[in-house]
Amino acid sequence: MRTLILVGGGHAHLHCLSQIAADLPSDCRAVLISPSEYQYYSGMFSGFTEDNYDLEDIRIDLKRLCKNIGAEFITGQVIAVDAKNRRLTCADGSVYDYDLLSFDIGSTTGIPQEMKPQISSIKPNYLFPEQLKRIRETPNPVVVGGGASGVELAFSIHAWRKQHQLPLNLTLISSSPLLSGLHNRIANSIESIASEKGLLFFTGESVEEISTDAVTTSSGQSFPQSEVLWLTGPKSFSLFQDSGVKTDGSGFLLVNKYLQSVMHPEIFGTGDCIAIEHYPSMPKNGVYAVRQGPVLWENLRNRLDAGELKSFTPQKRYISILSTGGGEAFLTYGRFSMHGKLPWRLKQCIDRKFMKQYKSIYK
């Protein structure tokens, strides 16, 4: 009996799990290893922040899903890969052999070592719900990071505090313009929206020091803080480098256009934990991870049967919708943008549809 192991319950692996019951070869067993029996959907974190969703709305029960499709679920944190002997080791010392392996474990956040004791992060995301409740209620919350996650959660926390008549003194700090990875006009638009809503934000500032009650930035400004949520760019786990598996210069699993390790053909990867050698500048974005799902499953299936592999080609443009709080959202597509209630309703529809397709497997 051959063994397919999926490590992590990310977007693409959810698609693979949905296909296993009907399409896994009869001489294969499927195993999912994840540190939590729940997979939390980051697209709904902003809605959860504002109490638009409850805990069950934003998470998928991986254990129940696996039971319903005939896969084995193992609670564990993979800490080492022995690619030569096709073997995984988990933090509790357990060892698992595989014939085919795929990683969809996301990324971590690059937090300066000396600041870690004073900082919260949404990663790993199964710890996020409790952290969020504490951060949104704290007297002086500070969010660091002007990318999509930082901007969206800052808006959502701000809106929740307004709704609950708490002081609107959340501070958003970014080293670059908000949403700087997009077109300049988009960055200007989101900053205008933030100003209109009364969200305090400071750009061109990097955090230099965090004390017990303040954050000091590169310009020497000091901001009061009782909790810091750090949402800067993604950082790779050390797993791949520590295991001697080929990575890019930042430590992300290096794969080819088939989402297959460039060094070990029996290892695949997807989502934020990988770097694709053909697309080195591709953003780490959930939209790409969702699109990788069908390609990944087809390639895992064909690898089991020695079939031809399919290339993944990222789309050049995609719709992005960020909640701005109070039942409004900011939609972008290339240089086009729209803000208001319609994008928020569209976002709700897309997110609920995504969750329903997997929850329906076990509910």
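With the requirement that a residue be open to solvent by less than 30 Å² (accessible area, probe 1.4 Å), outside any strand (DSSP E or B) and farther than 13 Å from Phe268 by Cβ, what does region 244-257 give you?
Correct list: Gly251, Phe252.
Which condition number does Ala214 fail, the rest of (1) without any contact (Cβ under 8 Å) to a residue 12 or more places away in the chain; (2) of a type in the set (A, V, I, L, M, F, W, C); (3) surrounded by 18 or more Cβ atoms within 10 Å (Cβ to Cβ) being met?
(3)
Looking at region 217-243 only, could you name the residues that are of a type in the set (A, V, I, L, M, F, W, C) and open to solvent by less than 50 Å² (accessible area, probe 1.4 Å)?
Start the filter on region 217-243 by keeping residues that are of a type in the set (A, V, I, L, M, F, W, C), which leaves 223, 228-231, 237, 239-240.
Hits for region 217-243 are Phe223, Val228, Leu229, Trp230, Leu231, Leu239, Phe240.
Going residue by residue through region 5-26, is there one that turns out to be in a strand (DSSP E or B) and surrounded by fewer than 21 Cβ atoms within 10 Å (Cβ to Cβ)?
No - not one qualifying residue is present in region 5-26.
With respect to Thr203, is the statement that it is surrounded by fewer than 18 Cβ atoms within 10 Å (Cβ to Cβ) and in contact with a Leu (Cβ under 7 Å, 6 or more places away or on another chain) true?
On the way: surrounded by fewer than 18 Cβ atoms within 10 Å (Cβ to Cβ): yes; in contact with a Leu (Cβ under 7 Å, 6 or more places away or on another chain): yes.
The answer is yes for Thr203.
Just for strands (runs of 3 or more DSSP E) wholly inside region 113-226: which have at least 1 residues that are more than 30 Å from Pro35 (Cα to Cα) and acidic (Asp, Glu)?
Values: elements: 141-144, 171-174, 200-203, 207-210, 214-217, 222-224.
Where strands (runs of 3 or more DSSP E) fall fully within region 113-226 and carry at least 1 residues being more than 30 Å from Pro35 (Cα to Cα) and acidic (Asp, Glu), they are 207-210.
Residues of region 28-49 being over 28 Å from Cys90 (Cα atoms) and open to solvent by 20 Å² or more (accessible area, probe 1.4 Å), which ones?
none
Mind listing just one residue for me: the one in region 56-96 that is part of a helix (DSSP H, G or I) and open to solvent by less than 60 Å² (accessible area, probe 1.4 Å) and, of those, nearest to Asp23 (Cα to Cα)?
Here the residue is Ile69.
Give region 144-188 a look and list any residue that's open to solvent by 30 Å² or more (accessible area, probe 1.4 Å) and under 18 Å from Ile319 (Cβ atoms), or say none.
As a first pass, look at region 144-188 and keep what is open to solvent by 30 Å² or more (accessible area, probe 1.4 Å): 147-149, 162-169, 175-177, 180-185, 188.
Hits for region 144-188 are Gly147, Ala148, Ser149, Gly181, Leu182, His183, Arg185.
Taking interchain pairs and intrachain pairs at least six residues apart, which have beta carbon atoms under 6 angstrom, with the first residue in region 322-346 and farther than 16 Å from Met44 by Cα and the second among the hydroxyl-bearing types (Ser, Thr, Tyr)?
Pairs that qualify, where the first residue is farther than 16 Å from Met44 by Cα and the partner is among the hydroxyl-bearing types (Ser, Thr, Tyr), are Thr332/Ser320; Ser337/Ser189.
Identify the residue in region 103-136 that is closer than 23 Å to Gly43 by Cβ and among the acidic types (Asp, Glu) and, among all such residues, is surrounded by the most Cβ atoms within 10 Å (Cβ to Cβ).
Of everything passing the filter in region 103-136, Asp104 is surrounded by the most Cβ atoms within 10 Å (Cβ to Cβ).
Pull out all pairs, ordered by first then second residue, where Cβ-Cβ is under 8 Å, the residues are six or more apart or on different chains, the first lies in region 101-128 and is more than 14 Å from Asp272 (Cα to Cα), and the second is of a type in the set (Ser, Thr, Tyr) and in a helix (DSSP H, G or I).
Pairs found: Ile122/Ser42; Ile122/Ser149.
The values are calculated or read from the model by the stated rules, or taken from the named source; none is laboratory data. Since we're looking at a predicted model, the values are computed, not measured. Cβ sites come from the backbone with ideal geometry, for glycine too, and all protein chains shown count toward neighbours. When the accessible area is computed, the model is the full protein with side chains, heavy atoms only, and any ligands, DNA or RNA have been set aside. Shrake-Rupley method; radii C 1.70, N 1.55, O 1.52, S 1.80 Å.
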